[in-house]
Each structure stands twice: as C-alpha cells, then as structure tokens.
Amino acid sequence: MSLTFHWFLPTNGDSRHVVGGGHGTPATAFGRNRPPTVAYLSQIARAAEDLGFVGALTPTGAWCEDAWLTTAMVSQHTERLKFLVAFRPGFVSPTLAAQMASTFQRQSGGRLLLNVVTGGESHEQRAYGDFLDKDARYRRTGEFLQIVRDLWEGKTVDLSGEHLQVEDARLARVPDPVPEVYFGGSSPIAGEIAARHVDVYLTWGEPPAQVAEKIAWVRGLAEKEGRTVRFGIRLHVITRDTAEQAWTEAHKLLDGFDPDTVKSVQAGLARSESEGQRRMLALHGGSREDLEIHPNLWAGIGLVRGGAGTALVGSHDEVAERIKEYHALGIDEFVLSGYPHLEEAYWFGEGVLPRLAAQGLWQHPFAPTTAPAAQVPFTS
C-alpha cells in the first residue's frame, strides 16, 4: 500500500518565520508577510498537486480564513488535488453540512475530504454562539456524524438526540464518492467517536512510542464496534540535502521567536481544554532547551503555534527514515507543512518522496509511472 501525503494551505498567512495561531491564540504578525490570497494559496496547491500530494488540509477557527469558502475557490485553480476541509460540527446543521459536502463533491469532481474538529476551547466556541462544554461537544459530534453519514447513504433521517434533532431529513442528491472523514482527539470520548464514525484517525506528531499507544487504543475501540480505522499523523517538516542544513533552518526559526510572544502564546495555550494540546505542551514545557524529543523530531514549532507543534528535521534520508518508523507503527497518511509552504513543499516533494518511491513505499498518485526528480531548484 502506497503511503499517502497531504500538504497544508496556510489560510492564516505564510512566512519564512513560523506563523502562530490556533487553539484560541491569534495568528502572529508574520502571517502578514504572505497574505492568504486565493492567488498565493492556489500557487501552493498547484505545487502540491504536481509533486504528488493527494490533498491539502485547511484549518478552522477565528485565526484563519474560512475553510469551505477558501477551498471552493482554490479548487477552481487545480485539477486533482483534494481538500481536507476542517470544520466544526456545532457551527452548522448536520443536514446543511451534508448538503454542502455533496455539492462540493459534484462541483470539484469528488475532491473533498472532511476534517471534523470538535473544538477544544470553550471561550472560542462561545464567540460563535456555542455554549456547550467539551464533553457535550463531543457527544454532539457523534450525533452529527450519525446524521450526516445516514444522509450520505440516501436515507431519510429522523433523530431526536441529546443535542441535535432532525425530522424527515433527506438529500436530493447524495455525494459520489462519499467524502472520507478525518478526526483527531486524545480524550476518552474522542476515542469512542473515532471508533464509531471516522475513516481516518489523526494524531499530532508525538514521539513514536506515544503514537503507538494511541493507535492501539483507537484500533481496539474500533474493533469493538466491528470497524477498522486508518491512521494519519500531522507534522511539520524541515528537510534539506544535509542534516546540518536542516538544523540550521530550524535554529533560524527558533531565533525568530520573540521571548514575549512565546510567553504570551504559552500562557494562552495553557488554558486550553484540549488533551491533545496539553500533550503537545508537555513535549517542550515552554523551554527552548532539549527540543529534539526523538531523533529528528523537533518540538520548537509548538512554542509559538497551537495545535501541531512538532517537525521532522534532518536530511532527506533521515526524514524518510522517520516516516518509515511511523509507518511501521500503522501510520499510512501524513499531513505535512513547512515554512514557507510553497518552498518547503518542493524541498520535501523533490527530496524525500523520490527516496520513498525508490523503496516501494510511495508512488505519485497522478502519474504512477513517474516520480519527482531528486533535485532542488532553489537555495535557502
């Protein structure tokens, strides 16, 4: 089975520095270096498509542009790239969301993937009019996915749940193909939702031992539900021709972290209700020291950014080896990003993917008989 790679659309802005934001923290000023215009995001999307990334994740929240609208526009400038659209179930009715997804599939030629984000920050949820607590939001997500999946199967749905109620709900046209559902969460109730409803369980880039524990946990829960779930991981990447060059880039990013910004971001993230965010913070403890928490796994990004806070750093060969290490645990999909996203897509796509292809672990999804040439046309 060929590994699947997705890239990232920085709808919060892009830069040669880390653009912070997420989990209740605003995007940092660096996000204004390259504003998230449709033209720039389309440039990234076309590069990802050419290099062999299957899809591109777009985030959700007050710190970035709306994922649905942005990807709908960017999709018109690409041909095959799929869009992993992050959205929060509490902000739209399940019937409308099912209809939106169905329309997106038809208008894009079946290029929608859905990343369901329950929402770990109550204060941000309240800004959108959602006053449920975290556990209640997860229970609502379960009801939401139950309704949406039944609608996608062409069923007429009547449900009177704890949080959602629909009567005689039905889609005039079901999506073809049905979008795959991606989902992440580290709390006990998140595992239950994943086991019952999702296609791909996503984890942030923790060290392999911790990732192995998560995979075993969710896999066991899914087996009890009579289901199987695929697994993916969300990571940043800094890959170069040599390890020295890669770590030089990582240290450049670290040098650009203003101490006051780090302090402010860490204080904001410490208030997060997300178990996954708590686990990310524990990897670095707010300190600039000892940030390589596993060979080639660097926790520096999490000093100024909420959510995914670790990066694979090293030579192309070393990064390929770390990918193989995660794959051996059961990870088949990799959702990657790097600053700036246009250039870093080429570093990875022209440096790492050919090495994986040579070992029979990856093939270009749009041109199976070819792979990107192992050369880098620019310098950093």
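See the values below:
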item: Odd one out for ASN115, checked against (1) assigned to a strand (DSSP E or B); (2) more than 28 Å from SER274 (Cβ to Cβ); result: (2)
item: Unique match (being at negative phi, touching a strand residue (DSSP E or B) at 6+ places or on another chain (Cβ under 9 Å) and without any contact (Cβ under 8 Å) to a residue 24 or more places away in the chain) among ASP150, ASP199, ASP168, ASP133; result: ASP150
item: Filter pass, ASP158 being open to solvent by 70 Å² or more (accessible area, probe 1.4 Å) and touching a helix residue (DSSP H, G or I) at 6+ places or on another chain (Cβ under 7 Å); result: no
item: Tally, over the stretch 181-200, of residues that are open to solvent by 70 Å² or more (accessible area, probe 1.4 Å) and touching a Lys or Arg at 6+ places or on another chain (Cβ under 9 Å); result: 1
item: Evaluation of VAL178 against (1) outside any strand (DSSP E or B); (2) closer than 28 Å to GLY24 by Cβ; (3) open to solvent by 10 Å² or more (accessible area, probe 1.4 Å) (one fails), failing number; result: (2)
item: Condition broken by TRP217, with the remaining ones in (1) over 21 Å from ASP332 (Cα atoms); (2) surrounded by 15 or more Cβ atoms within 10 Å (Cβ to Cβ) satisfied; result: (1)
item: Subset of the stretch 299-324 [closer than 13 Å to GLY205 by Cβ and touching a helix residue (DSSP H, G or I) at 6+ places or on another chain (Cβ under 6 Å)]; result: ALA299, GLY300, GLY302, GLY309, ALA311, LEU312, VAL313
item: Every residue from the stretch 161-174 that is open to solvent by less than 100 Å² (accessible area, probe 1.4 Å), more than 18 Å from MET100 (Cβ to Cβ) and either of a type in the set (S, T, N, Q) or in a strand (DSSP E or B) (or both); result: none
item: Search result, residues across the stretch 52-91 that are open to solvent by 10 Å² or more (accessible area, probe 1.4 Å), assigned to a helix (DSSP H, G or I) and either over 30 Å from ALA190 (Cα atoms) or of a type outside the set (S, T, N, Q) (or both); result: TRP68, LEU69, ALA72, MET73, GLN76, HIS77, GLY90, PHE91
item: Hey, ALA39 assigned to a loop (DSSP other than H, G, I, E, B), among the small types (Gly, Ala, Ser) and open to solvent by 20 Å² or more (accessible area, probe 1.4 Å) or not; result: no
item: Filter pass, ALA48 being more than 25 Å from SER122 (Cβ to Cβ) and open to solvent by 40 Å² or more (accessible area, probe 1.4 Å); result: no
item: Residues (buried (at least 19 other Cβ atoms within 10 Å of the Cβ) and either over 23 Å from the mean Cα position of the chain (by Cα) or of a type in the set (Ser, Thr, Tyr) (or both)) located in the stretch 115-153; result: THR118, TYR138, THR141, ILE147, ASP150, LEU151, TRP152
item: Condition met for THR203 (of a type in the set (Ser, Thr, Tyr), open to solvent by 30 Å² or more (accessible area, probe 1.4 Å) and within 18 Å of GLU333 (Cβ to Cβ)); result: no
item: ILE147 closer than 28 Å to ARG279 by Cβ and in a helix (DSSP H, G or I); result: no
item: Residue in the stretch 58-71 that is modelled with pLDDT of 95 or more and over 17 Å from the mean Cα position of the chain (by Cα) present; result: yes
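Residue-by-condition table, conditions (1) hydrophobic (A, V, I, L, M, F, W, C); (2) at pLDDT below 90; (3) touching a strand residue (DSSP E or B) at 6+ places or on another chain (Cβ under 6 Å):
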position	(1), (2), (3)
ALA243	yes, no, yes
HIS251	no, no, no
GLY268	no, yes, yes
GLY307	no, yes, yes
LEU312	yes, no, yes
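The values are calculated or read from the model by the stated rules, or taken from the named source; none is laboratory data. Everything quoted here is computed from the prediction, not taken from an experiment. Cβ sites come from the backbone with ideal geometry, for glycine too, and all protein chains shown count toward neighbours. The area values use the complete protein model at the heavy-atom level, side chains included, leaving out ligands, DNA and RNA. Shrake-Rupley method; radii C 1.70, N 1.55, O 1.52, S 1.80 Å.
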